[in-house]
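First the structure, in the form of structure tokens, and then the observations on it.
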Amino acid sequence: MRWAVSEILPGNDFMLMRRLFLLVCLLQGSKVMAEPYIVAHRGASGEAPENTLPAFELAWKQGADAIEGDFYLTADGEIVCMHDADTERTAGKKLVVAKSTLAELRELDVGSWKDARYAGTVAPTLAEVLATVPEGKKIFVEVKCGPEIVPRLLEDLAKSGLKAEQIVIISFKDDVIAEVRRLRPEYRANWLTALKEKNGKLLPTPDEIVATLKRTNATGLGIGFKEVDESLVRAVENAGFEFHVWTVDDPAVGSRFAEWGSRSITTNWPKRIREALETGGK
Ligand code: G3P
Ligand code: CA
């Protein structure tokens, strides 16, 4: 079920309706997800080390509707969960992910940098992250490398047993989005971008964004929240694509995007944004 009550109700009424909807779902034991759904960015990465199993498990514990993780193909053709192209920031030792084997990468501790209690945490594989996704919840799989990952990615997704509706592929790389949609049109795929000012103009323009969504056959847009206004949300939705936003940690900003009808809100702090949506951003 997909709907955005924000399209038919003004701000306060929207919050009231959302709360009523959640209450009805709770009473009926329904697994229908109210929009916008809350996506835990790199897991609950405000509190736990990003892109690790503890961060993903914490996100589920905190009631996230979905998790988001970043993925690369390793030198030996495995898929590992990591944000940066090398391991320096999160492991304190530099290995280039695409030039290292999974075994080499898994010798590194990617938890201690966040907090001593996560010492010994290793980078998970895609299969391990997929295995954490409960029934009725979703995963946003962000591809950080190029389309060479796609055959193995589709294999892992198929083996996971997750339903197509639980999976959203996301990437800044338009060729990755186009390839996934060409091979598996049943999966949603959001092209990612962020607005930047150049010569007094915000780029890409709404027309350029919609043109890329059409060319790649994406199902939606995932955009960095900065500089975005409601007219862009409307332009994307009116062109027939889903609008999604990242990475929103300020409750007031989250509530604004909810009122504008964003289908999801990606955040490092899922509990905080969930509570904000339920109390109208207070
Ligand atoms: O959800 C999209 C967002 O994760 C993209 O930015 O740098 O955190 O991967 P980044
Ligand atoms: Ca990401």
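The values are calculated or read from the model by the stated rules, or taken from the named source; none is laboratory data. Because the structure is a prediction, the values reported are computed rather than measured. As a convention, Cβ positions derive from the backbone with ideal geometry for all residues, glycine included, and neighbour counts pool all protein chains shown. Accessible surface areas use protein heavy atoms only, side chains included; no ligands, DNA or RNA. Shrake-Rupley method; radii C 1.70, N 1.55, O 1.52, S 1.80 Å.
Filtering segment 154-172 down to residues that are open to solvent by 20 Å² or more (accessible area, probe 1.4 Å) and among the charged types (D, E, K, R), which residue is nearest to ligand 1 (Cβ to nearest atom)? Even if it seems obvious, please write down each step before you answer.
As a first pass, look at segment 154-172 and keep what is open to solvent by 20 Å² or more (accessible area, probe 1.4 Å): 155, 158-165, 172.
Retained after the next criterion (residues that are among the charged types (D, E, K, R)): 155, 159, 163, 165.
Numbers: E155: 23, K159: 24, K163: 21, E165: 19 Å.
Among them, the one singled out is E165.
Could we say that I273 is within 15 Å of ligand 1 (Cβ to nearest atom), closer than 23 Å to G69 by Cβ, touching a His at 6+ places or on another chain (Cβ under 9 Å) and not aromatic (F, W, Y) here? Outline the logic, then answer.
Details: within 15 Å of ligand 1 (Cβ to nearest atom): yes; closer than 23 Å to G69 by Cβ: yes; touching a His at 6+ places or on another chain (Cβ under 9 Å): no; not aromatic (F, W, Y): yes.
No.
For a quick check of your reading: which helices (runs of 4 or more DSSP H) sit entirely within segment 166-256 and have at least 3 residues that are at pLDDT 95 or above and within 14 Å of V141 (Cβ to Cβ)?
Numbers: elements: 174-183, 206-216, 230-238.
Hits in segment 166-256: 174-183.
So, in segment 148-189, exactly how many residues are touching a helix residue (DSSP H, G or I) at 6+ places or on another chain (Cβ under 7 Å), over 18 Å from E78 (Cβ atoms) and small (G, A, S)?
3
Would you please name the residue that is farthest from ligand 1 (Cβ to nearest atom), looking only at residues in segment 225-249 that are open to solvent by 10 Å² or more (accessible area, probe 1.4 Å) and within 17 Å of the chain's Cα centre (by Cα)?
F241
Filter segment 259-282 down to the residues that are farther than 19 Å from A59 by Cβ, at pLDDT 95 or above and assigned to a helix (DSSP H, G or I) and list them by number. I'd like the intermediate steps shown before the answer.
Within segment 259-282, the first condition is being farther than 19 Å from A59 by Cβ, and the residues that meet it are 259-261, 279-282.
After this cut, where a residue has to be at pLDDT 95 or above as well, the list is 259-261.
Residues satisfying the conditions are E259, W260.
Restricting attention to segment 143-153, which residues are open to solvent by 10 Å² or more (accessible area, probe 1.4 Å) and either free of Cβ contacts under 8 Å to residues at least 40 places away in the same chain or not basic (K, R) (or both)?
So the first thing to find is which residues in segment 143-153 are open to solvent by 10 Å² or more (accessible area, probe 1.4 Å), and the list is 144-148, 151-152.
C145, G146, P147, E148, P151 - these are the residues of segment 143-153 that are open to solvent by 10 Å² or more (accessible area, probe 1.4 Å) and either free of Cβ contacts under 8 Å to residues at least 40 places away in the same chain or not basic (K, R) (or both).
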